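What follows is a set of notes on a single structure, which appears directly below.
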Amino acid sequence: QVQLVESGGGLVQPGGSLRLSCAASGSIFNINAAAWYRQAPGKQRDLVAGITSSGSTNYADSVKGRFTISRDNAKDTVYLQMNSLKPEDTAVYYCNAKIRHIATMTLNDCWGQGTQVTVSS
């Protein structure tokens, strides 16, 4: 079994910062690629940021220069640092990761349960 657990969401004022964490647990060999998505009420789930196994990153245009995705391979954890937050960043944020199972060495596509981020004064 492999599980992703997100943390770090909450309520923040416009201009503030939050850091989301996504920790993998279970029968893990390693995390391959990973990404953060978000879904606002009544809207589709969109890619926010992605990171490859080698550390290359990509971002949605709406968050470039404000958000930073990173990873700590020793901790099997992926992070999303969010700065200069805006009300339009309000959404449920989901972690997605391609995780290699330690026994089968197969890649499993895993999702976290989501964490709410609300930007409001």
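The values are calculated or read from the model by the stated rules, or taken from the named source; none is laboratory data. Because the structure is a prediction, the values reported are computed rather than measured. All Cβ positions, glycine included, derive from the backbone under ideal geometry; neighbour counts span all protein chains shown. All accessible areas refer to the heavy atoms of the entire protein, side chains included, with ligands and DNA or RNA removed. Shrake-Rupley method; radii C 1.70, N 1.55, O 1.52, S 1.80 Å.
I'd like the full set of residues that are open to solvent by 70 Å² or more (accessible area, probe 1.4 Å) and either at pLDDT 95 or above or part of a helix (DSSP H, G or I) (or both), limited to region 43-56. Steps first, answer last, please.
In the first step, residues of region 43-56 are kept if they are open to solvent by 70 Å² or more (accessible area, probe 1.4 Å); the result is 43-45, 47, 53-54.
Scanning region 43-56 gives LYS43, GLN44, ARG45, LEU47.
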### Query
Quick one: ASN83 ticks every box in (1) in contact with a Lys or Arg (Cβ under 7 Å, 6 or more places away or on another chain); (2) among the polar types (S, T, N, Q); (3) open to solvent by less than 30 Å² (accessible area, probe 1.4 Å) bar one, so which box is it?
(3)
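Is it fair to say SER54 is within 21 Å of MET105 (Cα to Cα), polar (S, T, N, Q) and in contact (Cβ under 8 Å) with a residue 60 or more places away in the chain? Working first, answer last.
Values: within 21 Å of MET105 (Cα to Cα): yes; polar (S, T, N, Q): yes; in contact (Cβ under 8 Å) with a residue 60 or more places away in the chain: no.
Spelling it out, it is not the case that SER54 is within 21 Å of MET105 (Cα to Cα), polar (S, T, N, Q) and in contact (Cβ under 8 Å) with a residue 60 or more places away in the chain.
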### Message
I'd like the full set of residues that are assigned to a loop (DSSP other than H, G, I, E, B) and more than 16 Å from the chain's Cα centre (by Cα), limited to region 1-37.
### Response
GLN1, GLN13, PRO14, GLY15, GLY16, SER27
### Query
How many of the residues making up region 1-49 are touching a His at 6+ places or on another chain (Cβ under 7 Å) and β-branched (Val, Ile, Thr)?
1
### Query
In region 85-121, how many are without any contact (Cβ under 8 Å) to a residue 40 or more places away in the chain and assigned to a loop (DSSP other than H, G, I, E, B)?
2
#### Entry: Unique match (being among the basic types (Lys, Arg) and either crowded, with 21+ Cβ neighbours inside 10 Å or more than 27 Å from SER25 (Cβ to Cβ) (or both)) among LYS75, LYS64, LYS98
LYS64
## Note on the structure
Per the filter on region 58-84, residues free of Cβ contacts under 8 Å to residues at least 12 places away in the same chain and assigned to a helix (DSSP H, G or I) are ASP61, ALA74
### Message
Under 9 Å between Cβ atoms, which residue pairs at least 6 apart in sequence (or on different chains) link something in region 31-47 that is of a type in the set (Asp, Glu) with a partner that is open to solvent by 70 Å² or more (accessible area, probe 1.4 Å) and at pLDDT 95 or above?
### Response
none
### Task
Just one of (1) among the small types (Gly, Ala, Ser); (2) more than 11 Å from ALA34 (Cα to Cα); (3) under 14 Å from the mean Cα position of the chain (by Cα) trips up ALA74, so point out which.
(3)
